[in-house]
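K.L.:
Take this structure, written in structure tokens, and hold onto it; I'll ask about it next.
The values are calculated or read from the model by the stated rules, or taken from the named source; none is laboratory data. None of the values given here were measured: they were computed from a predicted structure. Cβ placement follows ideal geometry from the backbone for every residue including glycine, while neighbour counts extend to all protein chains displayed.
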Amino acid sequence: MTAGTASLDQLTDWLSRFRDLVTEQQSYLTELDSAIGDADHGSNMTRGMNAVMEKIGAGGAGAVDELFKSVGMTLVTSVGGASGPLYGTFFLRIGMTAGAATALDGTALSAAMRAGLEGVVARGKAEAGDKTMFDAMAPALDAFDASLAAGDDLAAASSAAFTAAVAGRDATEPLTARKGRASYLGERSAGHLDPGATSTALLFEALAGALAKG
Amino acid sequence: MKKLINAPEAVLADALNGVAAAHPELKVDHVNRIIYRGTPTRKGKVALISGGGSGHEPLHGGFVGLGMLDAACAGEVFTSPTPDQMQEATKVADSGAGVLHIVKNYTGDVMNFEMAAEMAEAETGVKVASVVTNDDVAVEDSTWTAGRRGVGVTVLLEKIVGAAAEEGRDLAAVTDLATRVNAAGRSMGMALTSCTVPSAGKPTFEIPDDMMEIGVGIHGEPGRHRVPLAGAASIAQQLVEPILADLDFTKGPVIAMLNGMGGTPLIELYLMYGEVAKLLEKAGVKIARNLVGNYITSLDMAGCSVTLLKADDEFLKLWDAPVNTAGLRWGI
């Protein structure tokens, strides 16, 4: 399998692109959150990812585990709300699973992101169809794995993950929320995209951008 | 957006400066955004800590002081504080007798407080117990959802349990009491308008002049139902009925709170309290104590909520005990 690897620089670029995307989409994320939540998702994600880039922009992370543990802790301690612990846990688990590598091949990156998803589930107790970030993240990881298994390289696999995350995001629109603040609206939460699934689609858009070929 | 602020991103820091200036009897940690009592927790007294998103003032910072909380952690507007803030408050406020975390049932608050308790116990060995309030009858309770929201009962609980901690009850007894208070209370809220989160810059939702939201929480979010605006008597009925349908309040005295959401004048809150009191009397509910005013708010949202708490002699005695905080003060 010539899937290639994701270097430390590319993984850092993933985070930087994610910061740029949530900053660009800040008003949109907050607008989605206004419809079914409490109007702070855009500002929270922007504040968190800016803190992350400030922290890791100073450099110093010599290995993947160090990088992502620092990212996770920064999110947990700077964001608050539900997205702080959830995105924070996602990156913390990536760091814990990846170990002291300086690059990840497809299998290792997949295993790390799977561990991240398991952490999100353990923290948020969400299941498929609850109208949460899970609904974008789980199909994205499935598509990533399927693409790798078919012999694709990392660029193709991450692009497949992005496509699946977008489809998962769009599929949250008709759902009635069963977790998070939107669940308090009951059936009135239907007909709106989930803000968390929307920012998760940006996470995979950032990954696809960072791992795209040259 | 017209607000008395310098910049949307500086609201919390600037407000904490104001709290420090107004209340020299409190200690404000501006870095960690924690409000403490001015004097350390008395040796052997269980420390009570709460916290949550800002925008609900006087909750929680306004309830720090003798007879209520030992510390309150302030998050960004409507965003729960972070685990490191709560961990710091837990470490500082502990006198060796342990710490009770009072958490409103919102996904973010619960997750952040859970992480804080794990971190505090792992790092410092402080004994941490927690109670999660969930008194909002607007939300159907189910194991498949995030469950009922924690709203008005949180205020009454902080007062009653705070008095018990001053008496010197241990962590297990204080936690047990907190659980009983939460189980004995129910709330229901409504909104005439939404509110404007400073960082969002515009109202969270638009609502026509002839409509209102029934079953709102405290974050400017829409409620369970949008219905035609009605007179105060009818609104009182729409709030009281679901509460009485959920729990029997006729067996003994109750503490009743008519709470403003932040943007409704006191004259209307008293008017509403009158309507609520009439309905309760008709239903055979005996109000032993009451609170009317803005205690757990939603920025500039117009509207109100009703909270009822079944109160036995123990609860009433603790309710009447001295309290000296910015938000509640009597018996001093």
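K.L.:
Do we have A:LEU104 as under 17 Å from A:HIS41 (Cα atoms) and modelled with pLDDT of 95 or more here?
P.N.:
So A:LEU104 does not fit the description; no.
K.L.:
Can you pull out every residue in region A:64-88 that is β-branched (Val, Ile, Thr), facing another protein chain (nearest Cβ under 9 Å) and assigned to a helix (DSSP H, G or I)?
P.N.:
A:VAL76, A:THR77
K.L.:
Could you figure out which of (1) of a type outside the set (A, V, I, L, M, F, W, C); (2) surrounded by 22 or more Cβ atoms within 10 Å (Cβ to Cβ); (3) touching a strand residue (DSSP E or B) at 6+ places or on another chain (Cβ under 6 Å); (4) not assigned by TED's automatic domain parsing to the domain that holds B:ILE207 isn't true of B:GLY303?
P.N.:
Just one mismatch for B:GLY303, condition (4).
K.L.:
Would you confirm whether or not region B:144-158 contains a residue that is within 14 Å of chain A (Cβ to nearest Cβ), in contact with a Cys (Cβ under 8 Å, 6 or more places away or on another chain) and crowded, with 21+ Cβ neighbours inside 10 Å?
P.N.:
No, region B:144-158 contains no residue that is within 14 Å of chain A (Cβ to nearest Cβ), in contact with a Cys (Cβ under 8 Å, 6 or more places away or on another chain) and crowded, with 21+ Cβ neighbours inside 10 Å.
K.L.:
Restricting attention to region B:124-135, does a residue exist that is over 19 Å from B:GLY65 (Cα atoms), at pLDDT below 90, of a type outside the set (Gly, Ala, Ser) and in a helix (DSSP H, G or I)?
P.N.:
Within region B:124-135, one or more residues are over 19 Å from B:GLY65 (Cα atoms), at pLDDT below 90, of a type outside the set (Gly, Ala, Ser) and in a helix (DSSP H, G or I).
K.L.:
Take region B:215-261 and flag every residue that is surrounded by 20 or more Cβ atoms within 10 Å (Cβ to Cβ), closer than 17 Å to B:LEU308 by Cβ and in contact with a Lys or Arg (Cβ under 7 Å, 6 or more places away or on another chain).
P.N.:
Across region B:215-261, the qualifying residues are B:GLY215, B:ILE243, B:PHE249, B:VAL254, B:ILE255.
K.L.:
Something else now. May I ask you to list the residues in region B:287-299 that are out of contact with any Leu (no Cβ under 8 Å at 6 or more places or on another chain) and either free of Cβ contacts under 8 Å to residues at least 60 places away in the same chain or of a type in the set (A, V, I, L, M) (or both)?
P.N.:
Result: B:LEU299, single match.
To keep it simple, each residue is scored yes or no on (1) assigned to a helix (DSSP H, G or I); (2) closer than 22 Å to A:GLY37 by Cα; (3) free of Cβ contacts under 8 Å to residues at least 24 places away in the same chain.
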site: A:THR132; (1), (2), (3): no, yes, no
site: A:ASP135; (1), (2), (3): yes, yes, no
site: A:ALA140; (1), (2), (3): yes, no, no
site: A:PHE144; (1), (2), (3): yes, no, no
site: A:SER147; (1), (2), (3): yes, no, yes
site: A:SER159; (1), (2), (3): yes, no, no
site: A:PHE162; (1), (2), (3): yes, no, no
site: A:ARG169; (1), (2), (3): yes, yes, no
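K.L.:
Here's another thing I want to ask about it. Can you list residue pairs whose Cβ atoms sit under 9 Å apart, with the first residue in region B:300-312 being under 15 Å from B:LEU244 (Cβ atoms) and the second being of a type in the set (Lys, Arg) and part of a loop (DSSP other than H, G, I, E, B)? Count only pairs 6 or more apart in sequence or on different chains.
P.N.:
Cβ pairs passing all conditions: B:LYS310/B:LYS251.
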